[in-house]
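Before any comments, here is the structure.
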Amino acid sequence: MEQKHRFKFAMKDTVQLMASGPPGPVGVPALYPVEVAPGREQGTALILLPSMEATNVKGVMSRAIFVIVTLVQVSVGNTHGNWSPWSGWGICSRTCNGGQMRRYRTCDNPRPSNGGRACGGPDSQIQRCNTDMCPVDGSWGNWHSWSWCSTSCGGGEKTRERLCNNPIPSKSGRPCPGDATQVSRCNIQVCPGGPQRARGSVIGSINDVEFGIAFLNATVTDSPNSDTRIIHAKITNVPRSLGPAMRKIVSILNPIYWTTAKEIGEAVNGFTLTNAVFKRETQVEFATGEILRMTHVARGLDSDGALLVDIIVSGYVLQLQSPAEVTVKDYTEDYVQTGPGQLYAYSTRLFTIDGVSVPYTWTHTVLYDEAQGRMPFLVETLHASSVESDYNQLEETLGFKIHASISKGERSNQCPPGFALDLVGPFCADENECAAGNPCSHSCHNAMGTYYCSCPKGLTIAADGRTCQDIDECALGGYTCHAGQDCDNTIGSYRCVVHCGTGFRRTSDGLSCQDINECQESSPCHHRCFNAIGSFHCGCEPGYQLKGRKCVDINECRQNVCRPDQHCKNTRGGYKCIDLCPNGMTKAENGTCIDVDECKDGTHQCRYNQICENTRGSYRCVCPRGYRSQGLGRPCLDINECENTDTCQHECKNTFGSYQCICPPGYQLMLNGKTCQDIDECLEQNVRCGPNRMCFNMRGSYRCIETPCPPDYQRDPVSGFCLKNCPPNDLECALSPYALEYKLVSLPFGIAANQDLIRLVAYTQDGVMHPRTTFLMIDEEQTVPFALRDENLKGVVYTIRPLQEPETYRMRVRALSYGANGTVEYQTTFIVYIAVSAYPY
């Protein structure tokens, strides 16, 4: 109350003072004597300095704003006020279209005192700035109408456009965002006669060369000059070692030109018959003996009306050199309806290599849905003409061009040889020639439309193609026997028998030779005949020889009659072979042969770092583990295990006789000594990051990250979540997240795009997954290679591009859980840290 009365008292005195004289300028002392306020000391006056001009009516003041009440000491010797220099201009209030900026000065150079005059003029100045017009950003006008479709069937395109004129960008304004045109597919229905495009893949191997994956693309157009359709096809990613040889493999495209061939008369092509869904097994046999098998799977048409076909090849073809000129002659294929949803096709063709013709045959078996019906004829003929093929070595592409049409067969109402008419269909059922007459001498094998005979091993088909005859492997040189053995032909095979010299005869089992007793079999001597091993002689008793007229003992030991491991002892009229110990063995005291350990007695020839291993009767020099041998008496060479790229997961260091796998920092070598495992520094080093921080183990390192709870949140000691309890009726609190949870994920390098990484789940307070929860990313950075989708009440974080660089990303995901009435029951914020390693493990 004292302050309030004091203010009123000052107001009253001020009105009285101002009423005693005319008003003067603001901030200038009064020109007339003023009345001293009651209760003040002599020589002082209460002066009011208003902040803006006031209108004075006698005894009344209006529109006056009183900001300062100052008691001024009135004294003799006054000082007049003077302005300080102007300040610099302030910031313009607008960046364009004209704004204002100000500058100021103060009356303090010096200040007025002792009744001196105040500074004259304003204490601030205003001037215009940034008078240029503001930029005008462009905006799109309405879309124009769609154009006509580019094709009437088979999939075309239509376009529409819009103009950036609502308004047109000016004064360096931004252009309209987005595209000025739009393109849409139209008339995607299939054209009559089959699709106009085809695409697919080719996998497998030819001549033991793997394809990888080759891609097939083809277009089909009507021929302007003939009653055919033209197929242009290109196969990419064909290995250079196979490209030239595949120029003659036209039937790799058979599903395409059969499906889209020009239909002549009432004949139907593969599309009309099967709706482009079928499986075809093909076998190609060359006159030179090579066989190639192919499986074609047609999967219908895609959304653009293109035929989808996958091709698997395996086998062998006649290898051609790239410069060789290959020409494929025109040919036909006869298609026979062999049953419901079954066709059989065959063809004999020619291609020329630098003018030399080479025949080869094709057979096809086609299976399709029997509900599609059958061909209108028993036999239809496909005509392929003007066949062109080329291979581009630089681009590794194989190109084909074929004219194709299909018509009824020459005898469309009659089954070909090897088939019999089945009136149920009618169909052409295969005849089993083997069951009908058994035309083969040994084994008969029925095949579609034909049969063939085979023989047991060691026999071959005779010229009539039906009987078997023995193969004389000994006469033809088709045998394998060791040195010192002869080939003995048998029916259907041969055997290797011991070779016997003059004077010996082979035993019946062929394993040994026995002496021929010439004395008993031929009596070659005029006197007494004595048989000898491998020979005979005439004259004396065995063991003696005739010298002059006397028979003298023969020293048989000079004739090497004993085995190398025996000692020969001559006797009168004979000899005796005494067994000796073989090399590497020695006689024991009991007369038996025992092994000599050359490794112990030092008689071995192992040198350098070779290791001597004793064997029975000998020894061998081996290299330590991790070394390889260069031969007897030469040092062992270290094996560089690191040359094998699969030895270590990260880095391999070769050592003498072994190797060592090295892991990058932050990884440790596993017990297998090859693969690397991340070290969990947070767990093993017991890292303590401090309050409101968590240890984030990343692949190869770790990091302490900030995980604070926002104000008014408390960390749950069990779950670690930041939870917030809102007071009743606190709307602002209710709209904020109920819980905050940190997620830490460590990923290897190289994860592909569209791979699911994290599934986020929101639970109720009872620990049950909430039935109505949506997830969305907030504060998303464009550089984050992740996106979020809702799936089965969970938020799935997945990659939108491959993870190909080491980086740590931070994402913020909001989960909103709704009640049955549509109101938000819970809000949970997930802060997700994702660390991508520099290594793919």
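A few comments on the model shown:
- Residue count for the stretch 503-550 satisfying the condition of being touching a strand residue (DSSP E or B) at 6+ places or on another chain (Cβ under 8 Å) and in a loop (DSSP other than H, G, I, E, B): 20.
- Candidates GLY484, GLY492, GLY510: the one that is modelled with pLDDT under 85 and under 28 Å from HIS537 (Cβ atoms) is GLY484.
- Residue ID - surrounded by the most Cβ atoms within 10 Å (Cβ to Cβ), chosen from residues in the stretch 584-621 that are within 26 Å of GLN660 (Cα to Cα) and not aliphatic (A, V, I, L, M): GLN610
- Exactly one residue out of PRO624, PRO635 is closer than 30 Å to LYS674 by Cβ, loosely packed, with under 15 Cβ neighbours inside 10 Å and in contact with a Gly (Cβ under 9 Å, 6 or more places away or on another chain), and it is PRO624.
- Of the residues making up the stretch 785-808, those that are in contact with a strand residue (DSSP E or B) (Cβ under 8 Å, 6 or more places away or on another chain), more than 17 Å from VAL832 (Cβ to Cβ) and not aliphatic (A, V, I, L, M) are GLU805, PRO806.
- For the stretch 303-327, taking the residues that are part of a loop (DSSP other than H, G, I, E, B) and polar (S, T, N, Q), the one that is modelled with the highest pLDDT is identified as SER303.
- For the stretch 805-837, residues that are loosely packed, with under 15 Cβ neighbours inside 10 Å and farther than 30 Å from ARG693 by Cβ total 6.
- All of ALA218, ALA180 fail the test of being surrounded by 14 or more Cβ atoms within 10 Å (Cβ to Cβ), touching a Leu at 6+ places or on another chain (Cβ under 8 Å) and among the hydrophobic types (A, V, I, L, M, F, W, C), apart from ALA218.
- Condition met for GLY115 (touching a residue at least 40 places away in the same chain (Cβ under 8 Å) and outside the structural domain of ALA298 (by TED's automatic domain parsing)): yes
- Filtered residues of the stretch 551-573 (kept if closer than 30 Å to THR586 by Cβ and part of a strand (DSSP E or B)): GLN566, HIS567, CYS568, LYS569, ASN570, THR571
- Restricting attention to the stretch 765-794, the residues that are exposed (fewer than 13 other Cβ atoms within 10 Å of the Cβ) and of a type in the set (Val, Ile, Thr) total 3.
- For the stretch 102-121, a residue qualifies if it is surrounded by fewer than 16 Cβ atoms within 10 Å (Cβ to Cβ) and of a type outside the set (D, E, K, R), and the qualifying residues are TYR104, THR106, ASN109, PRO110, SER113, ASN114, GLY120, GLY121.
- Pairs with Cβ under 6 Å, 6+ apart, first in the stretch 377-402 and on the phi > 0 side of the Ramachandran plot, second surrounded by 14 or more Cβ atoms within 10 Å (Cβ to Cβ) and of a type in the set (A, V, I, L, M, F, W, C): GLU396/VAL238
- Checking the stated criteria, GLY657 turns out not to satisfy the condition of being outside the structural domain of ARG812 (by TED's automatic domain parsing), farther than 30 Å from LYS587 by Cβ, touching a helix residue (DSSP H, G or I) at 6+ places or on another chain (Cβ under 9 Å) and not aromatic (Phe, Trp, Tyr).
- LEU669 falls short on exactly one of the conditions (1) out of contact with any helix residue (DSSP H, G or I) (no Cβ under 9 Å at 6 or more places or on another chain); (2) in contact (Cβ under 8 Å) with a residue 12 or more places away in the chain; (3) surrounded by 16 or more Cβ atoms within 10 Å (Cβ to Cβ), and that condition is (2).
- For the stretch 674-712, the candidate set comprises residues that are in contact with a Cys (Cβ under 6 Å, 6 or more places away or on another chain) and assigned to a loop (DSSP other than H, G, I, E, B); within that set, the residue that is farthest from PHE830 (Cα to Cα) is LYS674.
- Per the conditions (1) outside any strand (DSSP E or B); (2) under 30 Å from GLY300 (Cβ atoms); (3) touching a residue at least 24 places away in the same chain (Cβ under 8 Å), the sole criterion not satisfied by THR159 is (1).
- Scanning the stretch 217-236 for any residue that is in the same structural domain as LEU398 (by TED's automatic domain parsing), touching a strand residue (DSSP E or B) at 6+ places or on another chain (Cβ under 6 Å), farther than 24 Å from SER386 by Cα and part of a loop (DSSP other than H, G, I, E, B) turns up nothing.
- Filter pass, VAL277 being farther than 23 Å from LEU394 by Cα, buried (at least 22 other Cβ atoms within 10 Å of the Cβ), over 25 Å from the mean Cα position of the chain (by Cα) and not charged (D, E, K, R): no
- Subset of the stretch 429-458 (residues that are among the hydrophobic types (A, V, I, L, M, F, W, C) and free of Cβ contacts under 8 Å to residues at least 24 places away in the same chain): CYS434, ALA435, ALA436, CYS444, ALA447, CYS453, CYS455
- Selection within the stretch 584-635 - β-branched (Val, Ile, Thr) and in a loop (DSSP other than H, G, I, E, B): THR592, VAL596, THR603
- Residue list for the stretch 425-442, filter: under 19 Å from GLY339 (Cα atoms) and in a loop (DSSP other than H, G, I, E, B): GLY425, PRO426, GLU431, ASN432
- Top-ranked residue in the stretch 61-102 [being modelled with pLDDT under 90 and basic (Lys, Arg); ranked as farthest from GLY115 (Cα to Cα)]: ARG94
- The set of residues from the stretch 403-420 being in contact (Cβ under 8 Å) with a residue 40 or more places away in the chain and not charged (D, E, K, R) comprises HIS403, ALA404, SER405, ILE406, SER407, GLY409, CYS415, PRO416, PHE419.
- Residues in the stretch 448-466 that are surrounded by 13 or more Cβ atoms within 10 Å (Cβ to Cβ) and either outside any strand (DSSP E or B) or hydrophobic (A, V, I, L, M, F, W, C) (or both): MET448, GLY449, CYS453, CYS455, GLY458, LEU459, ILE461, ALA462, ARG466.
- Filtered residues of the stretch 574-583 (kept if in a loop (DSSP other than H, G, I, E, B) and either in contact with an Asp or Glu (Cβ under 8 Å, 6 or more places away or on another chain) or not polar (S, T, N, Q) (or both)): LEU580, CYS581, PRO582
- Meets criteria (over 30 Å from ILE231 (Cβ atoms) and surrounded by 15 or more Cβ atoms within 10 Å (Cβ to Cβ)) for ARG174: no
The values are calculated or read from the model by the stated rules, or taken from the named source; none is laboratory data. Computed from a prediction, not measured in an experiment: that's the story for all the values here. Because the Cβ atoms are built from the backbone with ideal geometry, glycine has one as well, and the counts that use them run over all protein chains shown.
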